[in-house]
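The values are calculated or read from the model by the stated rules, or taken from the named source; none is laboratory data. All values reported here derive from a predicted model rather than from experimental measurement. Because the Cβ atoms are built from the backbone with ideal geometry, glycine has one as well, and the counts that use them run over all protein chains shown. Ligands, DNA and RNA are excluded from the accessible area calculation, which covers all protein heavy atoms including side chains. Shrake-Rupley method; radii C 1.70, N 1.55, O 1.52, S 1.80 Å.
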Amino acid sequence: MKETVLQVRNLQVEFINDNSRVKAIDDISFQLHRGETLGIVGESGSGKSVTALAIMGLLQYPGKVTDGEILFDRINGQPLDLLTLPPAEMQLYRGGDIAMIFQEPMTSLNPVYSIGFQLEEAIMRHQNVNATEARRIAIAGLQEVKLLPNDEQIQEQYINYDLSVGDSFKLAQLVKEHKEAMLNRYPHQLSGGQLQRVMIAMAISCNPSVLIADEPTTALDVTVQATILELLSDLQQSRNMAMIFISHDLGLISEITDQVAVMYKGKIVEYGAAAQIFNNPQHPYTKGLVACRPSLNRRPRKLLTVSDYMSVMEDEFGKTTITAKEPVQPKEITQEEINQRLADISAKQPLLTVRNLEVAFPIRGVFGETKRYHQAVNGVSFDVFPGETLGLVGESGCGKTTLGRTLLKLIEPTGGEIFFNGQNITHLKGKTLQHLRREMQIIFQNPFSSLNPRMKIGDAIIEPLLIHGVGKSKQQQQARVVELLERVGLSADDQKKYPHQFSGGQRQRVCIARALALNPKFIICDESVSALDVSVQAQVLNLLKELQHDFQLTYIFISHDLSVVKFLSDRILVMNQGKIVESGTSESIYLQPKQEYTQKLIAAIPTGSPERVKNRHHGGRSEE
């Protein structure tokens, strides 16, 4: 029998205020063994993060635990109900025995303090050590999470760089300075993956018995995500930690966890071994989560969603009834159809032509002078044909977004040419450029930051119509707003709401409606589904496909996830360090990647395939 380290029994969490009482967690139970990883999976709002915050004692008003127990089994001690501890005593366990990695590292770290200061503060808070020892532990932690090389590797770097560095004292000093330089960096000086490593180092610095990772890889590239997952798995095994890994992606969960709890509307609807849950799901909600992620091996006409597997009815008392449905499996697109579509597309004149495009950003010196340039886009050339979807993939920092914004003239190129519909738009300015922008639109990655929080969404959709003088009367503009909202799956009444009153997927639908307002020919989708739940992502991808067919749209679809790009795209460009390193049809890029970089992107995609699922346990049960 494995040693139990955490037990959650009949936990219930409610959000209570004067006018309402919402049950966020509804009588859930699970247990966690030492050295085991439990995955909690579900869509946004299912109660995953609330469960983690309840365990950590971090629920904020109006959230309150109204029933249940959270038992922490200390080594050589009696189980302790964390819910009975006074706040001061709970602080001793939180961050020490039970640690948490939050979803967004940039908002979890204080921007005005160095990462070294913040690491040392956490260590000194939970361990009886002085500042010097805390700094040593902080450095060891950064080396353990591979943000810093070990001392021997740092020495080799300096010796290889300068063969004259032979003096042991001088070498030791250089190694010390190298480590200090990392500790003295501020959060804004690190990438998303590096910041997440800092958060992991902080979480493990006090050698916790339980580590909770709440969506730790959601906004990261697939390659960085794979690295973080491997790191967490290695740390968990080397330290024999128990880990709770929270995600909305069942494919991702299945590759790192031993046991899985599937949550829906505050309840655990299915619970069992990872391989059992993924390969033979019992609950219709779980089946929907498995099916909605794009497959690399198939080319369906549309993606199935959770609503294809179940219908949900709620009575006047708020009780939910789930009825399973047998989905109609979408037809596959045949290779003959793919070939015919590619032939039809390439027979047309290009809508967009890019030749030797270059974009460079100046890097300033100490006194403000330009010391050198960073080449973000370097000699890029390609064509986009009418009605085509061209996928653009690559890791963060490869130049994808810069390229997309340059095509829309939001960034000025430093070299090369851009032709749109036969017109050279490279240096277009003024009213001519403004008129062109009616034909070219963009859907940004983060729908919340793309919308003015003080503006009702109806006004946000009308705004481009007003700027470009489209629609002769207010009634015509209002009718256009209603038409667009209904076309993207929202209602006319939604125009009176503000952005914060919508979910992430609904906000992205609003952004799509706004992009369509001027009847453009060409839309750039810049990571437009990367921040969404996989189920919502499937809905938005299906919507983009429908709109392309109905309005004859041309897309450039930018993403770091090749599985999403392959589902939507006719051809794919692979970008690395500002250059196009590989191009071809979606099938050829996936089946016969020529570049090692492309192969790495494909290998990093979490597929949840049986050969990659950790099958440490067998069996499972379904709870309805």
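Some values worked out for this structure:
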item	result
Residue in the range 364-379 that is at pLDDT 90 or above and within 26 Å of Phe551 (Cα to Cα) present	no
The range 71-85, residues that are hydrophobic (A, V, I, L, M, F, W, C), open to solvent by 20 Å² or more (accessible area, probe 1.4 Å) and part of a helix (DSSP H, G or I)	Leu83
Residues satisfying the stated conditions in the range 407-422, i.e. more than 15 Å from Phe361 (Cβ to Cβ) and surrounded by 15 or more Cβ atoms within 10 Å (Cβ to Cβ)	Leu407, Leu408, Lys409, Gly416, Glu417, Ile418, Phe419, Phe420, Asn421
Residue in the range 253-263 that is out of contact with any Lys or Arg (no Cβ under 6 Å at 6 or more places or on another chain), modelled with pLDDT of 90 or more, open to solvent by 10 Å² or more (accessible area, probe 1.4 Å) and within 24 Å of Lys2 (Cβ to Cβ) present	yes
Residues of the range 89-108 that turn out to be within 24 Å of Ala242 (Cα to Cα) and not in a strand (DSSP E or B), as a count	13
Any chance Leu532 is within 15 Å of the chain's Cα centre (by Cα) and either over 30 Å from Leu250 (Cβ atoms) or surrounded by 23 or more Cβ atoms within 10 Å (Cβ to Cβ) (or both)	yes
Condition met for Ile467 (β-branched (Val, Ile, Thr) and open to solvent by 60 Å² or more (accessible area, probe 1.4 Å))	yes
Any hit, the range 423-433, residues being out of contact with any helix residue (DSSP H, G or I) (no Cβ under 9 Å at 6 or more places or on another chain) and surrounded by 15 or more Cβ atoms within 10 Å (Cβ to Cβ)	yes
Residues located in the range 109-122, provided they are surrounded by fewer than 19 Cβ atoms within 10 Å (Cβ to Cβ) and part of a loop (DSSP other than H, G, I, E, B)	Asn110, Pro111, Val112, Tyr113, Ser114
So Gln194, is it open to solvent by 20 Å² or more (accessible area, probe 1.4 Å), closer than 24 Å to Gly96 by Cα and modelled with pLDDT under 85	yes
Per-region count, the range 478-525, residues crowded, with 20+ Cβ neighbours inside 10 Å and in contact with a strand residue (DSSP E or B) (Cβ under 7 Å, 6 or more places away or on another chain)	7
Residues of the range 123-150 satisfying the condition of being more than 30 Å from Gln7 (Cα to Cα), more than 25 Å from the chain's Cα centre (by Cα), part of a helix (DSSP H, G or I) and aliphatic (A, V, I, L, M)	Ala131, Ala134, Ile137, Ala138, Ile139, Ala140
Members of the range 330-353 found to be touching a residue at least 12 places away in the same chain (Cβ under 8 Å), open to solvent by less than 80 Å² (accessible area, probe 1.4 Å) and either touching a Leu at 6+ places or on another chain (Cβ under 8 Å) or farther than 30 Å from Leu408 by Cα (or both), listed by number	Pro330, Glu332, Ile333, Leu352
Answer residue from the range 264-280, given it is out of contact with any strand residue (DSSP E or B) (no Cβ under 7 Å at 6 or more places or on another chain) and modelled with pLDDT of 90 or more and is nearest to Gln237 (Cα to Cα) among those	Asn280
Answer residue from the range 330-356, given it is part of a strand (DSSP E or B) and among the polar types (S, T, N, Q) and is farthest from Lys265 (Cα to Cα) among those	Asn356
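To keep it simple, each residue is scored yes or no on (1) open to solvent by 20 Å² or more (accessible area, probe 1.4 Å); (2) touching a helix residue (DSSP H, G or I) at 6+ places or on another chain (Cβ under 7 Å); (3) small (Gly, Ala, Ser); (4) not in a loop (DSSP other than H, G, I, E, B).
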site: Tyr271; (1), (2), (3), (4): yes, no, no, yes
site: Ile277; (1), (2), (3), (4): no, yes, no, yes
site: Thr286; (1), (2), (3), (4): no, yes, no, yes
site: Asn297; (1), (2), (3), (4): yes, no, no, no
site: Lys302; (1), (2), (3), (4): yes, yes, no, no
site: Ser311; (1), (2), (3), (4): yes, no, yes, yes
site: Phe317; (1), (2), (3), (4): yes, no, no, no
site: Ile322; (1), (2), (3), (4): yes, yes, no, yes
site: Val328; (1), (2), (3), (4): yes, no, no, no
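Residues are listed down the side, and each one gets a yes or a no for (1) at pLDDT 85 or above; (2) touching a helix residue (DSSP H, G or I) at 6+ places or on another chain (Cβ under 8 Å):
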| residue | (1), (2) |
| --- | --- |
| Pro79 | yes, no |
| Met90 | yes, yes |
| Met100 | yes, yes |
| Leu119 | yes, yes |
| Met124 | yes, yes |
| Ala138 | yes, yes |
| Leu142 | yes, yes |
| Gln153 | no, no |
